[in-house]
Amino acid sequence: GNHCSCKSQIKNLRELAKLFEVSLKLTVPDEPNVEPLIEPAKFGDYQCNNAMGLWSIIKGKGTQFKGPPAVGQALIKNLPSSEMVESCSIAGPGFVNVVLSAKWIAKSIENMLIDGIDTWAPTLSVKRAVVDFSSPNIAKEMHVGHLRSTIIGDTLARMLEYSKVEVLRRNHVGDWGTQFGMLIEFLFEKFPDTDSVTETAIGDLQMFYKKSKLRFDLDPEFKEKAQQAVVRLQGGDPVYRKAWAKICEISRNEFAKVYQRLRVELEEKGESFYNPYIANVIEELSSKGLVEENEGARVIFVEGFNIPLMVVKSNGGFNYASTDLTALWYRLNEEKAEWIIYLTDLGQQQHFHMFFKAARKAGWLPDDDKTYPRVNHVGFGLVLGADNKRFRTRANEVVRLVDLLDEAKDRSKAALIERGMDKEWTPEELDQTAEAVDTVYADLKTNRLTGYTFSFDQMLNDKGDTAVYLLYAHARICSIIRKSGKDIDELKKTGKIALDHAAERALGLHLLQFAETVEEACTTLLPNVLCKYLYYLSEEFTKFYSNCQVNGSAEETSRLLLCEATAIVMRKCFYLLGITPVYKL
Ligand code: ARG
């Protein structure tokens, strides 16, 4: 964890920070600008880290204190009493360890059970964000990299939405490249009457792309025609526009199948959408003196890179960079987004960093990347096959995403049945739950910056840290509650929670830290932080359940409520990770 309470919007961290704010004012009245530094602690519950830094400020100024531990002691002495804090102690060179009151933790959970889990959502200081994700290219392959982009992007969007940010989910589809010239010409050849073209007639659009590419490379006459076609298309010729729209539509329907299976929603605003604005944007950048001639092309020189950013090709055409600069302009000025997040593999990092720099140079963005409006490239590593090369089929073909999802589903389903879930769930429920859950979870739990080797076996066999295991753990908790025969909604209203056993307290504290975790995952843009949290939650629950009898014990009500709170937080995690659990109450 890496939280700074002063910036955190999380209720418990803020409340604790406020207490230390008061104490800091009393302890060092001559240093009014010191902000409390609070973070979760390895040993206590939280720790305040101000004493050491304070000491280095005040030691030269004739202070009464004899060292950091003495500063820490004073911070403890001056801490206003509160229901939240049970006790404080000094550790190491002067850390103040804070132990929260078990009563207060219990009360917070009781409140959540009554008011709902959404009252635990963090509030980020951003109103509107764009998440630019998935973004495959028309007629080209939608590969595993696009799958990663889709999965990670969807989760980030969900977490931001949960944190009360309005998210514009944007599919920046590559629908405007020069490849359309050859695709359209090839289409005309195969289907002189474009109206009659159907999806089934074209068959596999990727195959279609390959064949037209072959033609393009081998037949100079065709190549010439294809290049003319690009000009006509970009000039707005209706016949060419129509053919273009047809190809896009067929591709779009293919993509939609994948999105539907993953239950991902996003709005297509492809490269072509920004086309009408590009000339003006390049004009604006030119008038600011940013654009220069370079070997016939027009470029922007940005510091720190040894090649310039090309924004107009030597033939006068626009490219990926000019489109991205224009999309950024549009998102900032027309859509009024304060935070724009892009998801692609790390291979595109330079492209993003270059056009971000150009935008800073134009004064569109502040110079640092912490102040809003803010842009972030969320890069991720490559997905590798067992041979440590790009993930491909045995025939060295790109793996079709639908095939991959089918196999993933079959395997998840088999793993669920192995755990006996077919006795709890109907075949439909089993089907619905199995849908690619482990592909998603296995991806999200890795730190996105590292690539990983794709292996179905690994996915389902990672010391219990799999979606199937977590879904099973959740189902087990639900069945504990069900078997009690108690009306849990009634208990929520009247029952009280006590966290007397160490395992109960540890579980309670972990539940409370849900909001901080979501906030951290949002600010670091690392979904694996939430996966780790979810996995530990299941572990804390197991410790609790093997130490504390629930049904039939004297503490039954309290413990059932803890079970219920755990199930609720788990479900919220699943939801944020894009996994849909089936459960019966
Ligand atoms: N279409 C691109 C690709 O497949 C990704 C686009 C990402 N978004 C962007 N604004 N550049 O590699």
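The values are calculated or read from the model by the stated rules, or taken from the named source; none is laboratory data. This structure is a prediction, so every number in the text was calculated from the model and none was measured. We place every Cβ from the backbone using ideal geometry, glycine too, and count neighbours over all the protein chains shown.
Of the helices (runs of 4 or more DSSP H) lying entirely inside segment 479-585, those carrying at least 2 residues that are modelled with pLDDT of 95 or more, farther than 25 Å from Ala41 by Cα and not small (Gly, Ala, Ser) are 488-494, 556-576. Inspect segment 286-304 for any residue being surrounded by 15 or more Cβ atoms within 10 Å (Cβ to Cβ), in a strand (DSSP E or B) and of a type in the set (Asp, Glu) and give the result as yes or no. No, that holds for no residue. You will find that of Tyr330, Tyr342, the residue that is assigned to a strand (DSSP E or B), hydroxyl-bearing (Ser, Thr, Tyr), within 15 Å of the ligand (Cβ to nearest atom) and modelled with pLDDT of 95 or more is Tyr342 and no other.
Residues that are under 17 Å from the mean Cα position of the chain (by Cα) and not aromatic (Phe, Trp, Tyr) do occur in segment 102-121. Do we find a residue being in contact (Cβ under 8 Å) with a residue 12 or more places away in the chain and loosely packed, with under 13 Cβ neighbours inside 10 Å anywhere in segment 243-253? Yes: one or more hits.
Screening the candidates Arg158, Arg148 for the property of being within 14 Å of the ligand (Cβ to nearest atom), over 30 Å from Arg232 (Cα atoms) and assigned to a helix (DSSP H, G or I) yields one hit, Arg148. The residues on offer are Ser149, Ser134, and the sole one that is in contact (Cβ under 8 Å) with a residue 40 or more places away in the chain and in contact with a Phe, Trp or Tyr (Cβ under 7 Å, 6 or more places away or on another chain) is Ser149. Of all residues in segment 346-363, those satisfying the criterion of being within 16 Å of the ligand (Cβ to nearest atom) and either in contact with a Phe, Trp or Tyr (Cβ under 7 Å, 6 or more places away or on another chain) or of a type outside the set (A, V, I, L, M, F, W, C) (or both) are Leu346, Gly347, Gln348, Gln349, Gln350, His351, Phe352, His353, Met354, Lys357.
Going residue by residue through segment 223-246, is there one that turns out to be of a type in the set (Asp, Glu), more than 16 Å from the ligand (Cβ to nearest atom), farther than 30 Å from Gln432 by Cα and part of a loop (DSSP other than H, G, I, E, B)? Yes, segment 223-246 contains at least one residue that is of a type in the set (Asp, Glu), more than 16 Å from the ligand (Cβ to nearest atom), farther than 30 Å from Gln432 by Cα and part of a loop (DSSP other than H, G, I, E, B). Just one of the listed residues (Leu79, Leu75) is buried (at least 20 other Cβ atoms within 10 Å of the Cβ) and outside any helix (DSSP H, G or I), namely Leu79. Residues of segment 117-145 that are in a loop (DSSP other than H, G, I, E, B) and either closer than 18 Å to Glu519 by Cα or touching a Cys at 6+ places or on another chain (Cβ under 6 Å) (or both): Ala121, Pro122, Thr123, Leu124, Ser125, Val126, Lys127, Ile138.
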